[in-house]
1. Apply 1/(1 + (r/R0)^6) to the Cβ-Cβ distance of residue 186 and residue 206, taking R0 = 45 Å, and write down the FRET efficiency to the nearest 0.05.
2. Any chance you could list the semi-axes, whole Å, largest first, of the equivalent ellipsoid that the Cα gyration tensor gives for segment 80-145, using √(5λ)?
3. Give the Cα extents of segment 220-278 along the principal axes, in whole Å, largest first.
4. For the Cα atoms of the chain, what angle does the longest principal axis make with the long axis of helix 274-288, in degrees from 0 to 90, nearest 10?
5. When 175, 114, 79, 95 are ordered from fewest to most other Cβ atoms inside 10 Å of their Cβ, what list results?
6. I need the P(r) histogram for segment 171-224: all alpha carbon pairs, bin width 5 Å from 0 out to the longest distance, whole percents.
7. Rounding to the nearest 20 debye, state how big the charge dipole of the chain is about its Cα centre with +1 on each Lys and Arg Cβ and -1 on each Asp and Glu Cβ.
8. Rank the residues 218, 124, 131, 42 as a footprinting-exposure proxy: fewest other Cβ atoms within 10 Å of their Cβ go first.
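Read-outs: derived from the displayed coordinates by stated rules, not from any lab. Predicted model only: the values in this text are computed from it and were never measured. Positions of Cβ are backbone-derived with ideal geometry, glycine not excepted, and every protein chain shown enters the neighbour counts.
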Amino acid sequence: MIVHPRPTLLKLFFIRRGTMLAKLWPQIASVALISTIIVYIHHVNPQFLPFYNSSGPFTLLGIALSIFLSFRNNACYDRWWEARKQLGDMILYARTMIRQTMVLSGTDEGEAIRRRVLTLIMAHSQIMVPHLRPGAENKALPLMDADLAARCEISRNPPTAILEVISQELTEAMRKGLISDIMLQMIDRTLTDLAHRQVSCERIQLTPVPFGYTLLLHRTAYIFCFLLPFGFADLLSWSTPIAAAIVAYTFFSLDALSDELENPFGTEENDLALVAMADIACLSVREALGEKDLPELPQPKDYLLL
């Protein structure tokens with residue numbers, strides 16, 4: 001996720017992060033080159049290619065395409081925004097578990113169970129990173145014993161396996177009289193809410209925007225940008241390549257930004273800081289367990305927070 005202070009007017013045109021130019025410059029350059037060739041042919045041999053004296057059809061198509069791109073962009077942004085809220089709630093419930101498990105601190109045995117439960121909460125936060133972002137580093141392994149690590153290795157849903165072990169720990173504490181059944185129900189409700197947020201994140205990951213809708217906008221955007229010089233070569237002359245490149249940059253960037261926001265758990269520049277949010281939850285738990293010399297909160301590097 002890009003974390004950048006508001007730029008000044010001068011710096012606004014020189015910012016690299018988030019511009020999509022690194023991805024899109026070949027497409028934009030292609031549009032500008034084709035526009036230059038078309039304008040050249042129009043000046044040298046105007047009857048060789050068809051040209052339109054009216055820009056009306058392109059204006060109407062551009063307006064319609066802008067509306068459809070906005071709809072898709074809003075749909076993808078809603079996915080990003082919902083994922084942001086779900087991950088934030090997971091940090092909230094991790095901190096709630098810190099308070100609720102304080103009832104176990106009355107005895108040495110209860111304190112030991114509390115430490116195991118909170119350590120598993122940290123493991124759950126960390127294992128959500130490779131669960132939602134395949135290929136990411138699994139920082140949960142040092143927080144689990146050998147049996148749980150082996151169980152998560154073969155499980156199709158490792159975060160759920162960790163929540164089940166937490167429930168087993170708390171149930172055992174109730175059987176030993178360390179917590180009441182009412183308190184167990186309260187903590188279990190928090191675990192249920194945590195599982196709910198986990199499922200919500202999985203739903204976002206597993207249900208992308210319908211491919212047919214995305215394909216239609218991709219095709220229409222490219223067709224429009226490559227046909228644009230035919231409608232404006234006579235009107236704008238040698239300014240057509242510049243105008244076509246600007247329009248291509250706008251449409252292609254909106255399209256590419258939607259692709260990034262569609263999967264908010266990825267590693268693109270505009271995706272969520274999944275690792276940082278997991279680390280924040282763990283830092284809260286480690287502080288509650290009395291650890292000292294904790295690292296600083298995650299900070300962006302080169303304006304990027306992963």
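1. Result of the calculation: an efficiency of 0.90.
2. In descending order the semi-axes read 26, 17, 4 Å.
3. Taking the Cα atoms of segment 220-278, the three principal extents are 56, 19, 10 Å.
4. 20 degrees
5. By the 10 Å Cβ count, ascending, the order reads 175, 95, 79, 114.
6. The calculated distribution, bin by bin, is 5, 15, 12, 10, 9, 9, 8, 7, 6, 5, 5, 4, 3, 1, 0.
7. Here the size comes out at about 580 debye.
8. In order of increasing Cβ crowding within 10 Å: 218, 42, 131, 124.
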